[in-house]
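Here's a structure for you.
FYI, it's all coordinate maths here, none of it is from the lab. Everything numeric here is computed off the predicted structure, so don't read it as measured data. Counting neighbours? That spans all protein chains shown, and the Cβs are built from the backbone with ideal geometry, glycine included.
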Amino acid sequence: MTAPSSSFSSTSSAFEIFPLDQWMGDSPAVKRPKEFTHFSYDDEHAYHPDERSMRWYYPAKLGTDLSKGFEKFDKHDDGGDEHLDSLLRSIALHEEKEGKRIDAEVVTWRGMMTKIMASPFEDRDGFEMNATLYQGCIFIEENHEYKMASRLEESARPWRNPIPREKMAFWGYKFETLSTMPATWGLTSREYIEGRDEHVVSNKAQYCSIVRTGVGKPILCLGGEVDAIWDSRPMFAGEPINWVELKTSAEIRPGNDRDMQNFERKLLKYWIQSFLLGVPKIMVGFRSKRGILTGIEEIQTATIPATAQRPGSKAGWDGNVCINFAAGFMEWLQRTINDDGVWRIRRRAGEQRIEVSRVEATGHGRILSDEFINWRIKL
Ligand code: A3P
Ligand code: MG
Ligand code: MG
């Protein structure tokens, strides 16, 4: 008697990351990401199927102290597991409008895809994700317990920097507050622009873009936060949008190779994050050791991989390898996650492979919301 196909199998498979030579060379065609829907979280982190939290870029003043307002930081408590809920809600609303299912074969947050794509050059932190196959599509969420445990571990690690970790994280959000406005320049008052240093910094509000894209054969649907827009949305749906990603980074002391190398290494994550959602421009706010904004540099996302490859660069990463690796991995994942239940995708820190195993034989864990399943049953 043969076992039914849904029988539980605890075997795990692994996808080898190394040797990296196998991923070198020109990348296969990657689809240009196209936004097909979006949503916002408001100041209370409540969901809205609209663009109310979209922000416009307007440069910050140099010399500003990024620590100012730290005591009043209105911080989002991300201790709760948000799963894929907002992404699924937006997909369902879009499908309702279109009268049909989206054609994605993988649905996840951009952050998960960033971790996968950075794997060949980033082995310091591991990752864990949960995945489930439903109606021919793999849905992938972050494993929240793992994320919380890693955070706890990190905060227990010795910290030699005189600036507390929390304050350094605040600098990033402060830079966003200093660099954006709630409407175009013409529609924003001078008082607002000049008063930005006094505004309470909050990370509860967000604008999330949801795109259709592809790395390798599978069609992906990715959702992720975008920080700002440069001008305005294009007239026609699907045309590239001039999104702006905001980042802060330690200033590079002239002639200091180590500073340069650190920055070039960071560009790997900047590039992947922006590439996946089709964000063409990154504004980097450089800050002193004490958190004073000392410079702003505009970087075109598309030019980053070439900078990492130029002679003399110590960046130590290759964009083609990231793309080819991710393409190979996603195609393998599609062959591997081929049955019911909940699957775990895991990379342990320092290990050379990504493991996939089935951890529950049936159901979808909490990856899919009831709301989404009920919607799909109806469709
Ligand atoms: P910086 O990137 O300027 O450091 P994002 O750049 O993705 O829009 O994130 C905005 C800010 O959130 C970051 O600004 C940083 O302050 C904070 N942040 C993001 N991921 C973080 C992490 N893993 N740990 C601590 N802070 C983080
Ligand atoms: Mg952001
Ligand atoms: Mg940012």
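Of the beta bridges DSSP finds with both residues in the stretch 218-334, what % are antiparallel, to the nearest 5? Numbers along the way, then the final one.
Details: 9 of 16 bridges.
Taking every DSSP beta bridge within the stretch 218-334, about 55 percent pair in antiparallel fashion.
Hey, any idea what Rg/Rh is for the stretch 179-296, computing Rh the Kirkwood way over Cα pairs?
Numbers: Rg = 16.9 Å, Rh = 16.7 Å.
Radius of gyration relative to Kirkwood radius: 1.01.
Mind scanning K167/K247; K34/K247; K31/K247; K147/K217; K61/K266; K75/K97 and naming the pairs with a C-alpha gap bigger than 27 Å?
Details: K167/K247 15 Å; K34/K247 23 Å; K31/K247 25 Å; K147/K217 29 Å; K61/K266 24 Å; K75/K97 34 Å.
Beyond 27 Å: K147/K217; K75/K97.
Looking at the stretch 23-104, which trypsin sites (Lys or Arg not before Pro) are in a loop (DSSP not H, G, I, E or B) and have at most 10 other Cβ atoms within 10 Å? Each step should come with its number before you reach the end.
Working: sites: K31, K34, R52, R55, K61, K68, K72, K75, R89, K97, K100, R101; in loops: R52, R55, K61, K68, K75, K100, R101.
In loop regions of the stretch 23-104 (DSSP not H, G, I, E or B), the sparsely surrounded trypsin sites (Lys or Arg not before Pro) are K100.
Specify which residue in the list A149, P311, G350 is farthest towards the positive end of the charge dipole of the chain, using unit charges on the beta carbon of Lys, Arg (+1) and Asp, Glu (-1), about the Cα centre.
Selected residue: P311.
Rounded to whole Å and sorted largest first, list the principal axis extents of the Cα atoms in the stretch 254-364.
Sorted from largest, the Cα extents of the stretch 254-364 read 56, 32, 29 Å.
Continuing with the same structure: Please find, in a Gaussian network model of the chain (springs between Cα atoms separated by less than 10 Å), the residue of A118, A156, A205 whose mean-square fluctuation is greatest.
Greatest mean-square fluctuation among the candidates belongs to A156.
Taking +1 at the Cβ of each Lys and Arg and -1 at the Cβ of each Asp and Glu, which of M112, H83, H94 sits farthest along the dipole of the stretch 77-124 towards its positive end, judged by Cα position relative to the Cα centre?
So the residue furthest toward the plus end is H94.
So, one more: Using only the Cα atoms of the stretch 111-251, build the gyration tensor, take square roots of its eigenvalues as a ≥ b ≥ c, and label the shape rounded, prolate or oblate: rounded if a/c is under 1.5, else prolate if a/b is larger than b/c, else oblate. Write out the running numbers ahead of the final one.
Details: a/c = 2.39, a/b = 1.14, b/c = 2.10.
Note, shape of the stretch 111-251 comes out oblate.
May I pose another question? Counting only other residues whose beta carbon sits under 13 Å from that of E245, what net charge do I get with K and R as +1, D and E as -1?
Working: positive: R55, R110, K247, K266, K269, K281; negative: E176, E225, D227, E297, E298.
Neighbourhood net charge equals +1.
Net charge around A183, counting only other residues with Cβ within less than 14 Å of its Cβ (Lys, Arg = +1; Asp, Glu = -1)?
On the way: positive: R52, R55, R190, R196, R233; negative: E51, E191, D231.
Once all neighbours under 14 Å are counted, the net charge is +2.
Under a 5 Å amide H to amide H cut-off, with H placed in plane at 1.01 Å, what residues pair with V342 once short-range neighbours are removed?
Sorted by chain and number, the residues that satisfy this are V359, E360, A361, T362.
While we're looking at this one, here's another question. Where does the stretch 63-185 land on Rg/Rh, using Cα atoms and the Kirkwood Rh? Present the calculation step by step, with values, prior to reporting the outcome.
Details: Rg = 18.8 Å, Rh = 18.1 Å.
When Rh is taken as the Kirkwood radius, the ratio is 1.04.
Oh, and also: Would you compute the Debye intensity of the chain from its alpha-carbon atoms alone, equal scatterers and no solvent, and pass along log10 I(q)/I(0) at q = 0.13 Å⁻¹ to two decimals?
Each listed q maps to, in turn, -1.20.
Further question on the same structure: Report, to one decimal in Å, the Kirkwood hydrodynamic radius for the stretch 281-346 based on all distinct Cα pairs. Kindly include the intermediate steps, with their values, before the conclusion.
Working: mean 1/r = 0.0636 Å⁻¹.
So the Kirkwood estimate lands at 15.7 Å.
So what J values fall out for the stretch 212-222 if you push phi through Karplus, 6.51 cos²θ - 1.76 cosθ + 1.60 with θ = phi - 60°, rounded to Hz, Gly and Pro as x?
Calculated HN-Hα couplings, in order: 9, 8, x, 10, x, 5, x, 7, 10, 10, 10 Hz.
Quick check for me: using +1 on Lys/Arg Cβ and -1 on Asp/Glu Cβ, what's the dipole size of the chain about its Cα centre, in debye to the nearest 20?
820 debye
If you don't mind, there's one more thing I want to ask. Within the chain, what percent of beta bridges assigned by DSSP are antiparallel, to the nearest 5? Kindly include the intermediate steps, with their values, before the conclusion.
On the way: 51 of 67 bridges.
Counting DSSP beta bridges with both partners in the chain, the antiparallel share is about 75 percent.
Could you list the square roots of 5 times each eigenvalue of the Cα gyration tensor of the stretch 249-315, that is, the equivalent ellipsoid semi-axes, sorted largest first and rounded to whole Å? Don't skip to the end; give the middle numbers.
Values: eigenvalues 80, 52, 16 Å².
So the equivalent ellipsoid measures 20, 16, 9 Å along its semi-axes.
Tally the DSSP beta bridges in the stretch 103-195 and give the antiparallel ones as a percent, rounded to 5. If you can, show how the numbers build up before the last one.
Numbers: 6 of 9 bridges.
Expressed as a percentage, antiparallel bridges in the stretch 103-195 total about 65.
May I pose another question? Could you give the distance between the Cα centres of the stretch 336-379 and the stretch 104-148, to the whole Å?
Spelled out, the Cα-based centre of one part sits 10 Å from the other.
Please state, as a whole number in µm²/s, the translational diffusion coefficient that the Stokes-Einstein equation yields for the stretch 94-160 at 4 °C and 1.567 mPa s, with Rh defined as the Kirkwood radius across alpha carbon pairs. If you can, show how the numbers build up before the last one.
Working: Rh = 14.4 Å.
Reported coefficient: 90 µm²/s.
Give me Rg over Rh for the stretch 213-258, both radii from the alpha carbons and Rh done the Kirkwood way, two decimal places. Mind showing how you got there, number by number?
Numbers: Rg = 16.9 Å, Rh = 14.5 Å.
Looking at the stretch 213-258, the ratio lands at 1.17.
Semi-axes of the equivalent ellipsoid of the stretch 1-119: what are they in whole Å, largest first, if each equals the square root of 5 times a C-alpha gyration tensor eigenvalue? Can you show the working numbers first?
Working: eigenvalues 259, 122, 77 Å².
Square roots of five times the eigenvalues give 36, 25, 20 Å.
Considering the chain as a Gaussian network with a 10 Å cut-off on Cα pairs, which listed residue, E128, E82, E166, attains the greatest mean-square fluctuation?
Result for the chain, Cα springs under 10 Å: E166 fluctuates most.
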